[in-house]
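See below for the structure under consideration.
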Amino acid sequence: MYENAVMSSLHLRVTFVIFIVCRIYLGADASVTISSSAATVPEGSSLTFTCTYTGNEQLSSIRWENNGNNSGRKYDIIIIQAQSCSIFQSGLDETLFTYTCFTLTILNVTRDYQNDNFTCKANLNIRSRNSVTVIVAVPISTVVLTSPTGSNATVNAGTSQKFTCRTSGGLPQPTVEWYKTSSNSCTRNGVKIMNSISSSPHESNDLIQVESSLLFTASSLDNNLWICCAASNINSQWKLSGTKLLDVRYSPSDPPVIDDYNTITDYQMIENSTERLTCRSTGGNPLASLAWSCYNGTESTPNISGGSVSRSVQFTARRNQDNTCTCTATHEAGPLQKATLYVNIIYPPSIPEFKVNGTPVDIAVSIIKDSAQTVTCHSFGKPNPSTNDFTWTKERIVVSSNSVLSWAGGIRIQDGGSYKCTVTTTMTPSDTNKSPVIKAVSSDITMDVLYSPRLHQLLSLSALEGESLTLKCEYEPGNPTETTVVIDRLYDRITWTGRTHFIPSLKRSDAGMYSCTARNIMKPSGQQNEIVGEETGIFQINVWYKTSVSKFGLTSHPDAITVTVDENATLNFFCEVDSNPNSTIIFGKSDRLQYNATLKRTDGFLHLAFDVQQSDCLDTASYFCLGYNNYTEIETAPRKEMDVYVRCSPRTSGGQWESNVTAATGGNATFSFDVVAYPVPNIDEYVWHKWNGITFSQVHISDKYTINNTGVSTMFTINDIEEDDFSAYLLTVSNGINPDFNKIFNLSPQDVPQCPTGLTYSATTSSSATIEWISHFNGGLKQTFIILYKMTERSEYLVLTADEIDQKIVYEIILTGLNDGSTYEVILFSRNEKGNCKQNTSLRFDTEVLVESPPGTIGSIVGGTTGGIMAAIILVIVVVIVLRRKYNFDCLCSFRVSRKDLHHDANTDNGIDTQGANNRGYNATQTYEDISMVTDKSLYDAMDNRDNGPDSSHLYTPLDASGSKKNVSYDNVKDDPVYNNTMLKDPAQSVL
């Protein structure tokens, strides 16, 4: 059996070797990858490797290799795929590993495997593209807080304490964290400390130990917290150290306070009372020590309660012993802290005393009437009385609630008498357990009101020069009653003593302001000097006299009576008069347009000013100023005059003139124009020009032109006007000052038009004819051509109109809808807004005869003709009977006929279309209006209804009956027969 096993094994190996050799060349297109079950393996755990093969060849074996730390291979295992994934070699310790076709599992990974490198091969020749390095983890077992050694760590706030923590050995290197906790059990849920940490690792028995140091700076908030550390070198496996209690020494965060008075700085107490203050300090570790400094008062023993310590002091103080009470808190971990309270000893007010203007007075006071002088009531105490603590009474009536007694508008006489001043204060101690104390004291005083004499009303006096006048001063005595009176003329300070003063003859120098003064001597309280009590009244003496003009002129030429200035200069006129009463002043001017025109008037003044900001030609004039009052006759009012000349170029005077003049040919037209200029232009400085189509050419006096230049006026007349005279004319005026004046005038025609001529006809057919004519001057207004035409045997005319076209001379119009073989009469004239042209023209023409039908029998022709005539006679009789009945047998039998009716073709039942193909080249239109047939009027009345213009209407001489083409002219005069059988409407036929 053993031999069979050996042979079997040998056979297997030989077969495997042969298979490998046979396959060794096939690995070029395959790939192998190795992977592990974990990147890091805790010591004692298992680790599984997986070999993944990708290729087209048949897989025969998987070989595991380990290039570990030992010089030899720890593992070299071949797994044969064909032998149910069995191990190829023998003698391996299979207690150390297990395997499958593609996996290898190490059952007990020790630290000896650290950094071993595993690979795999497929078919012994395809190595894995990667390898797996084994990382063995040895967890630490402990972490110990080694310093400080005591259970507590005592440290002052703001200072630092070193803590040390040491781990046991492990792989990989442990990580240490520091925490603050609120209990004595370490937990990673506490506050993690991140700063001031250092670590020192060292190796022992192939394991790494770490010593971590924390330099911890404590604050007061850290007191009674715990410090600990935590360490780990494998995820989620943390070891916790023990804890150290923080005993942080710190002073109170706030200074001590004095109970009930921590918000005030002054402590009020009534003199000689016993007071008690309590000082309190809260916080700190340990609590602070308290000590009082307060009037050598008695201190109580400290009292500790609820994290605070308090201590009281009891003392008594006298008036004027205000002092400071201080509570001092001392602490081993901080500076001194204090609470201070200023003790204010209050006492009642003193008996009131009086002052006037800051000067002490006794109980009798003299004050000047109406003065702003006040009496002040003074008292001192603690609290010092405020102004509102005082009350003034007179005869038990409160007259003031203030320390100052004053009188609105000043003291009056009736305000004298006896007054009482009372001061009331309330002493309120800071200790709310003690009641406020109210204290009131008072004093009496007498007021004596001093006042000056009072004048009676003083009236102004008026009189004429030379009259006498008496001045009087009347008054009422004051207090004291001794009085002196002085009359004073103010302008020269001459005085007279006494109540009256007589002036025998008034002069102008006596006019002016006077004063009357009544005086006494007063000695008010609070003042060392005597006061003169006086009342002064002002009155006026007015001496009436006539007006005179004292000054008149320009401020730039104050003494000149003739002034020449440049245009745009400012003219500042002034006028001053001497007058009493004040004068009416009139400022005016006289020039070529008006005489003594008033420019400005002031009533009741002594001076007048008038400004011309920018002078121009129109300001050249003679200016005057006059004045008068009640004692001056206006007719003889004094006046002064001056002449002002403004140098200026010519310009329009602003008068009435016409720059656009219309006229008729054969008549005259005159342009006139006035200018303003200085110097005045000479007659040869007025120049007239005519527009010749290219430029303006100067015209001269001749039979055609009359020019009359005088001073500032010019007249230009065009005689016997012809059509060429209708043009623009230019007037140029100069006087040596630029610029010259230029003005354009226009002469426009306005007359009836010249009648058209050259009336002919051409191109006649059986139903149409072309009429032509030549247009002439339209009289300056747009003209319209009137064409009337009819068959010679008819009485009514048809009317066509054609509007004038600019620049067009030869016109033509086509008459359509005519009867063949007929003779027609045509009349032509023109009209504009001024009326009809003065004569018309006419002609006759014949239309062509249509080709006749083949002749019938004589009998039939005669019969037909006879029957037609009889039928026509019967029809006319019937129509006449009907019309006579309809119009009540009126001799004027009228009816409405349209143009189509008038042009009905004799051979057809259809009307002839006047707008048809025969109307060639029309560019104006014509319209036919229904017309009335009047049997007993002239055929020329047809035009009467279309013209509501001038009275003149067209009259036509009898038409030429010869039918030739020769034109015949007719005069148009008033009262001739007119056409009333036609009415012109909107044109419907064009003129070529």
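What to note about this one:
- Number of the condition not met by residue 426 [criteria: (1) of a type in the set (Ser, Thr, Tyr); (2) part of a strand (DSSP E or B); (3) farther than 30 Å from residue 265 by Cα]: (3)
- Residue 709 meets all of the listed conditions (1) touching a Phe, Trp or Tyr at 6+ places or on another chain (Cβ under 9 Å); (2) in contact (Cβ under 8 Å) with a residue 40 or more places away in the chain but one, namely (2).
- Against the numbered list (1) open to solvent by less than 30 Å² (accessible area, probe 1.4 Å); (2) of a type outside the set (A, V, I, L, M); (3) closer than 30 Å to residue 302 by Cα, residue 249 comes up short only at (1).
- If you go through the stretch 223-251 and pick out every residue that is touching a Phe, Trp or Tyr at 6+ places or on another chain (Cβ under 8 Å) and under 30 Å from residue 307 (Cβ atoms), you end up with 7.
- Scan the stretch 425-472 for residues that are exposed (fewer than 15 other Cβ atoms within 10 Å of the Cβ), under 26 Å from residue 414 (Cβ atoms) and not acidic (Asp, Glu) and the total you get is 4.
- Only one entry in 686, 705 is within 30 Å of residue 615 (Cα to Cα), at pLDDT 90 or above and touching a strand residue (DSSP E or B) at 6+ places or on another chain (Cβ under 7 Å), namely 686.
- Of the set (1) open to solvent by 70 Å² or more (accessible area, probe 1.4 Å); (2) closer than 28 Å to residue 609 by Cα; (3) not in a loop (DSSP other than H, G, I, E, B), all apply to residue 542 but (1).
- Picking from residues in the stretch 766-793 that are among the charged types (D, E, K, R) and out of contact with any Leu (no Cβ under 8 Å at 6 or more places or on another chain), the one that is surrounded by the most Cβ atoms within 10 Å (Cβ to Cβ) is 782.
- Restricted to the stretch 607-632, and to residues there that are modelled with pLDDT of 90 or more and hydrophobic (A, V, I, L, M, F, W, C), the residue that is farthest from residue 567 (Cα to Cα) is 626.
- Selection from the stretch 667-688 of residues that are surrounded by fewer than 18 Cβ atoms within 10 Å (Cβ to Cβ) and under 58 Å from the mean Cα position of the chain (by Cα): 672, 674, 679, 680
- In the stretch 633-658, residue farthest from residue 558 (Cα to Cα) [restricted to those that are modelled with pLDDT under 85 and not charged (D, E, K, R)]: 657
- Considering the stretch 264-339, the qualifying strands (runs of 3 or more DSSP E), each wholly inside and each with 2 or more residues that are crowded, with 18+ Cβ neighbours inside 10 Å, run over 266-270, 274-282, 289-293, 308-316, 323-331.
- Under the condition of being in a loop (DSSP other than H, G, I, E, B), farther than 19 Å from residue 169 by Cα and open to solvent by less than 60 Å² (accessible area, probe 1.4 Å), the residues counted in the stretch 111-135 number 8.
- Candidates are the residues of the stretch 136-155 that are of a type in the set (S, T, N, Q) and open to solvent by less than 60 Å² (accessible area, probe 1.4 Å); the one that is nearest to the chain's Cα centre (by Cα) is 147.
- One residue stands out in the stretch 365-415 among those that are open to solvent by 60 Å² or more (accessible area, probe 1.4 Å) and of a type in the set (A, V, I, L, M): the one that is nearest to the chain's Cα centre (by Cα), namely 408.
- Looking only at the stretch 801-816, residues that are farther than 21 Å from residue 763 by Cβ, part of a strand (DSSP E or B) and open to solvent by 30 Å² or more (accessible area, probe 1.4 Å) come to 1 in all.
- Entry remark, the stretch 547-569: residues being open to solvent by less than 50 Å² (accessible area, probe 1.4 Å), in contact with a Pro (Cβ under 9 Å, 6 or more places away or on another chain) and under 15 Å from residue 610 (Cβ atoms) number 1 in total.
- Of the strands (runs of 3 or more DSSP E) that lie entirely inside the stretch 617-681, those containing 2 or more residues that are polar (S, T, N, Q) and in contact (Cβ under 8 Å) with a residue 40 or more places away in the chain span 639-652, 660-663, 669-678.
- Looking only at residues of the stretch 89-110 that are in contact (Cβ under 8 Å) with a residue 24 or more places away in the chain and in a loop (DSSP other than H, G, I, E, B), we find that the one that is farthest from the chain's Cα centre (by Cα) is 90.
A quick yes/no check of all residues on (1) farther than 21 Å from residue 38 by Cβ; (2) in contact with a Leu (Cβ under 6 Å, 6 or more places away or on another chain):
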{"residue": "103", "(1), (2)": "no, no"}
{"residue": "106", "(1), (2)": "no, yes"}
{"residue": "115", "(1), (2)": "no, no"}
{"residue": "121", "(1), (2)": "yes, no"}
{"residue": "128", "(1), (2)": "no, no"}
{"residue": "141", "(1), (2)": "yes, no"}
{"residue": "145", "(1), (2)": "yes, no"}
{"residue": "150", "(1), (2)": "yes, no"}
{"residue": "163", "(1), (2)": "yes, yes"}
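- Any hit, the stretch 731-739, residues being in contact with a His (Cβ under 9 Å, 6 or more places away or on another chain), open to solvent by less than 60 Å² (accessible area, probe 1.4 Å) and either over 30 Å from residue 811 (Cα atoms) or free of Cβ contacts under 8 Å to residues at least 24 places away in the same chain (or both): yes
- Positions within the stretch 803-851 being aromatic (Phe, Trp, Tyr) and either over 13 Å from residue 785 (Cα atoms) or within 60 Å of the chain's Cα centre (by Cα) (or both), in sequence order: 824, 845
- Selected residue (only one of 684, 720 is out of contact with any helix residue (DSSP H, G or I) (no Cβ under 9 Å at 6 or more places or on another chain) and farther than 30 Å from residue 836 by Cβ): 684
- Just so you know, in the stretch 71-88 the residues that are under 27 Å from residue 111 (Cβ atoms) and not in a strand (DSSP E or B) include one that is least open to solvent (accessible area, probe 1.4 Å), and it is 75.
- Screening 531, 586, 541 for residues that are touching a Lys or Arg at 6+ places or on another chain (Cβ under 9 Å), aliphatic (A, V, I, L, M) and within 30 Å of residue 620 (Cβ to Cβ) leaves exactly one candidate, 586.
The values are calculated or read from the model by the stated rules, or taken from the named source; none is laboratory data. Note that the coordinates shown come from a computational prediction; the quantities given were computed from them, not determined experimentally. Positions of Cβ are generated from backbone atoms using ideal geometry, with glycine treated the same way; all protein chains shown enter the neighbour counts. Note: areas computed on protein heavy atoms with side chains; ligands, DNA, RNA excluded. Shrake-Rupley method; radii C 1.70, N 1.55, O 1.52, S 1.80 Å.
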